[in-house]
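K.L.:
One structure, pasted below without further comment.
The values are calculated or read from the model by the stated rules, or taken from the named source; none is laboratory data. Keep in mind that this is a model prediction, so the values were computed, not measured. Positions of Cβ are backbone-derived with ideal geometry, glycine not excepted, and every protein chain shown enters the neighbour counts.
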Amino acid sequence: MRLLIRALFSLVLPFTIAIIIPVLVILGFNNHLLAFDSALSGAILAIGTFLIVLGLGFVIYTNQAFFRIGRGTLAPWDPPKKLVVAGAYRYVRNPMISGVLMIVLGEALIFASIELFILFALFFIVNHVYFVYSEEPGLVKRFGDDYILYKKNVPRWIPRLKPWKMGEKIK
């Protein structure tokens, strides 16, 4: 039962940003689906759908990695006990946030919603400031030299082309 509660709480934050707030925005601003009557609108629908599916994959994977490898969750009261540098974390330091951003951007495209684009931008800005001034200094304190090496080799937001391996030096 405790494991189930931990798993559910770890999904509350991304679910709120990626689903609940966008639904409220769409309902509150009377947005509607694009009129899919052109090749461009069909391409936008395809790109938006792709981003949502890819983002959902990132959210699910990173939650599982935090739980299995890190022995914690993304919730601030139950952070990972071990530094997670596997899978998507070998390409980019924040795949969870990247996944949520992909979902919101996909929704903004599908619903042609400037309000969801604003949510996307605000969510990115808030997270960038939080990671630079709070999260990363905290990770340096918790994981020391391992995190410093990881931080020097793996970008914060734009993924590397090749996966990084722990212990690999900067090229």
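K.L.:
Would it be correct to say that residue 126 is at pLDDT 95 or above and closer than 17 Å to residue 84 by Cβ?
P.N.:
Numbers: at pLDDT 95 or above: yes; closer than 17 Å to residue 84 by Cβ: no.
For residue 126, the condition - at pLDDT 95 or above and closer than 17 Å to residue 84 by Cβ - is not met.
K.L.:
Next question, about the same structure. Kindly indicate whether residue 159 is of a type outside the set (Ser, Thr, Tyr) and without any contact (Cβ under 8 Å) to a residue 60 or more places away in the chain. Working first, answer last.
P.N.:
Working: of a type outside the set (Ser, Thr, Tyr): yes; without any contact (Cβ under 8 Å) to a residue 60 or more places away in the chain: no.
Against the criterion (of a type outside the set (Ser, Thr, Tyr) and without any contact (Cβ under 8 Å) to a residue 60 or more places away in the chain), residue 159 does not qualify.
K.L.:
Please name all residue pairs, on different chains or six or more residues apart, with Cβ atoms under 7 Å, provided the first residue is in the stretch 57-73 and is within 19 Å of residue 103 (Cβ to Cβ) and the second residue is not in a helix (DSSP H, G or I).
P.N.:
Partner pairs satisfying both residue conditions: 63/74; 65/84; 65/86; 66/72; 66/73; 66/74; 66/80; 66/84.
K.L.:
Out of all the residues in the stretch 151-158, is one or more assigned to a loop (DSSP other than H, G, I, E, B), out of contact with any Leu (no Cβ under 7 Å at 6 or more places or on another chain) and of a type in the set (Val, Ile, Thr)? Walk me through it before giving the result.
P.N.:
Filtering the stretch 151-158 down to residues assigned to a loop (DSSP other than H, G, I, E, B) leaves 154-158.
From the residues that got through so far, the ones that are out of contact with any Leu (no Cβ under 7 Å at 6 or more places or on another chain) too are 154-158.
Next cut, of a type in the set (Val, Ile, Thr) only: 154, 158.
Within the stretch 151-158, one or more residues are assigned to a loop (DSSP other than H, G, I, E, B), out of contact with any Leu (no Cβ under 7 Å at 6 or more places or on another chain) and of a type in the set (Val, Ile, Thr).
K.L.:
Any idea which residue in the stretch 80-108 is farthest from residue 153 (Cα to Cα), counting only those that are in contact with a helix residue (DSSP H, G or I) (Cβ under 8 Å, 6 or more places away or on another chain), in a loop (DSSP other than H, G, I, E, B) and not charged (D, E, K, R)? Give the derivation first.
P.N.:
Quick first cut of the stretch 80-108, residues in contact with a helix residue (DSSP H, G or I) (Cβ under 8 Å, 6 or more places away or on another chain) only: 80, 83-89, 92-108.
If we keep only those that are in a loop (DSSP other than H, G, I, E, B) too, we end up with 80, 83-86, 92-94.
Cutting the leftovers down to not charged (D, E, K, R) gives us 80, 83-86, 92, 94.
On the way: 80: 20, 83: 14, 84: 14, 85: 11, 86: 14, 92: 9, 94: 13 Å.
Among residues in the stretch 80-108 that are in contact with a helix residue (DSSP H, G or I) (Cβ under 8 Å, 6 or more places away or on another chain), in a loop (DSSP other than H, G, I, E, B) and not charged (D, E, K, R), the one farthest from residue 153 (Cα to Cα) is 80.
K.L.:
Among residues belonging to the stretch 114-150 that are small (Gly, Ala, Ser) and part of a helix (DSSP H, G or I), point out the one that is surrounded by the fewest Cβ atoms within 10 Å (Cβ to Cβ).
P.N.:
134
K.L.:
Kindly indicate the residue of the stretch 64-89 that is among the aromatic types (Phe, Trp, Tyr) and at pLDDT below 90 and also surrounded by the most Cβ atoms within 10 Å (Cβ to Cβ) among those meeting that condition. Break it down into steps so the answer makes sense when it comes.
P.N.:
Taking the stretch 64-89 and keeping what is among the aromatic types (Phe, Trp, Tyr), we get 66-67, 77, 89.
Now drop any that are not at pLDDT below 90, which leaves 66-67, 77.
Details: 66: 24, 67: 19, 77: 7.
If we take residues in the stretch 64-89 being among the aromatic types (Phe, Trp, Tyr) and at pLDDT below 90, then 66 is surrounded by the most Cβ atoms within 10 Å (Cβ to Cβ).
K.L.:
Somewhere in the stretch 45-64, is a residue outside any helix (DSSP H, G or I) and touching a Phe, Trp or Tyr at 6+ places or on another chain (Cβ under 8 Å)?
P.N.:
Our first condition is that a residue be outside any helix (DSSP H, G or I); within the stretch 45-64, this holds for none.
So far as the stretch 45-64 goes, no, none of its residues is outside any helix (DSSP H, G or I) and touching a Phe, Trp or Tyr at 6+ places or on another chain (Cβ under 8 Å).
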